[in-house]
Amino acid sequence: TVYIDFYISDYTDSLAYYKTIDDQTGLETYLHADIIINSDTINDVGVRWRGNSSYNHPGIKKPLQLDFNEFVSGQDYDGLKKLNFNNSYLDPTQIREKLYLDILREEGTIAPRCTYSAVYFEGTYVGLFKAMETINNDFLETTFGNKNGNLFKCEPNMPLNWEGFDQTAYY
């Protein structure tokens with residue numbers, strides 16, 4: 001169970017506003033919030049809405065990202081600086097991605113950790129989300145012991161075209 005208590009009262013308007021700005025600029029703007037995960041309280045955590053198609057469904061159950069390190073340097077939760085909450089927009093069963101990741105991990109394939117979380121904003125139930133480990137440099141460090149490998153991020157609507165063997169062609 002995750003309780004999110006924002007520092008401002010118009011948090012839904014602000015989350016939506018910053019999501020629009022961030023999509024236009026490529027920035028990530030977080031709101032200040034206190035978080036309770038089960039019985040652990042983490043103060044001054046960054047919260048933002050994220051996603052593309054999953055963000056555009058109606059209602060307040062939009063994909064989230066928590067950044068424990070955004071406002072308090074070095075702060076984490078269970079070794080994680082960031083944690084994603086997926087809203088299962090195109091999966092009415094809410095089990096496909098979780099089951100897939102569990103199978104990958106059980107078979108020894110590298111995959112992020114995932115669990116279910118009931119999420120509340122200001123004490124009001126928002127919905128059931130999948131809490132997922134963020135795939136970033138911290139994931140590389142934890143999984144492979146260093147951050148020196150390649151980490152690719154998908155850009156929406158970008159083709160995966162072969163541009164040759166020269167790495168600079170892919171920047």
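Counting only other residues whose beta carbon sits under 9 Å from that of residue 7, what net charge do I get with K and R as +1, D and E as -1?
Net charge in that neighbourhood comes out at -3.
Cross-link candidates for residue 147: which lysines have Cα within less than 23 Å, leaving aside residues fewer than 8 places away along the same chain?
81, 82
Would you mind putting 64-70, 92-98 in packing order, based on average other-beta-carbon counts within 10 Å, highest first? Mind showing how you got there, number by number?
Details: 64-70: 21.1, 92-98: 13.1.
Packing order, densest peptide first, comes out as 64-70, 92-98.
Whole Å is fine, so just give me how far the alpha carbon centre of region 124-151 lies from that of region 19-74.
Cα centroid of region 124-151 versus Cα centroid of region 19-74: 14 Å apart.
For residue 48, tell me the accessible area in Å² from a 1.4 Å probe, rounded to the nearest 10.
Residue 48 exposes around 30 Å² with every protein chain in place.
Fully extended, how many nm does the chain gain between residue 75 and residue 143 (0.36 nm per residue separation, minus their Cα-Cα distance)?
Values: separation 68, 0.36 × 68 = 24.48 nm, distance 1.98 nm.
Extra length from residue 75 to residue 143 when fully extended: 22.5 nm.
Would you mind checking which residues have amide H under 5 Å from residue 44's amide H? H placed 1.01 Å from N; only 5 or more apart, or other chain.
33, 34, 35
Taking θ as phi - 60°, what are the ³J(HN,Hα) couplings along region 127-137 by the Karplus curve (6.51, -1.76, 1.60), each to the nearest whole Hz, with x for Gly and Pro?
After applying 6.51 cos²θ - 1.76 cosθ + 1.60, I find x, 8, 10, 9, 8, 10, 4, 6, 8, 8, 4 Hz.
When every alpha-carbon pair in region 55-171 is counted, what percent end up more than 23 Å apart? Don't jump to the answer; show the numbers that get you there.
Details: 3056 of 6786 pairs.
Result: 45 percent of Cα pairs exceed 23 Å.
Please build a GNM for the chain, connecting alpha carbons under 10 Å apart, and tell me which residue among 85, 144, 152 fluctuates the most.
152
Sorted by accessible area (1.4 Å probe), largest first, how do 62, 81 line up? Display every interim value, and only then the final one.
Working: 62 25, 81 80 Å².
Ranking 62, 81 by accessible area, largest first, yields 81, 62.
Helix-derived [θ] at 222 nm for the chain: sum -39500 (n - 2.57) over DSSP H runs of at least 4, divide by residue count, nearest 500? Provide the component values of the computation, followed by the final result.
Values: 3 runs with 34 residues, N = 171.
Rounded to the nearest 500, the figure is -6000 deg cm²/dmol.
At 0.36 nm per residue, and after removing the present C-alpha to C-alpha distance, how many nm does the segment from residue 16 to residue 151 gain when stretched out fully? Kindly include the intermediate steps, with their values, before the conclusion.
On the way: separation 135, 0.36 × 135 = 48.60 nm, distance 2.83 nm.
Result for the pair: 45.8 nm of gain on full extension.
Let me know the charge dipole size of region 106-171 about its Cα centre in debye, to the nearest 20, where only the beta-carbon of Lys, Arg (+1) and Asp, Glu (-1) is charged. Don't jump to the answer; show the numbers that get you there.
Numbers: 4 positive and 9 negative charges, 27 e Å.
Dipole of region 106-171, to the nearest 20 debye: 120 debye.
The values are calculated or read from the model by the stated rules, or taken from the named source; none is laboratory data. Not measured: the values here are computed from a predicted model. Quick reminder, even Gly has a Cβ in these numbers, built from the backbone with ideal geometry, and neighbours come from all protein chains shown. All accessible areas refer to the heavy atoms of the entire protein, side chains included, with ligands and DNA or RNA removed. Shrake-Rupley method; radii C 1.70, N 1.55, O 1.52, S 1.80 Å.
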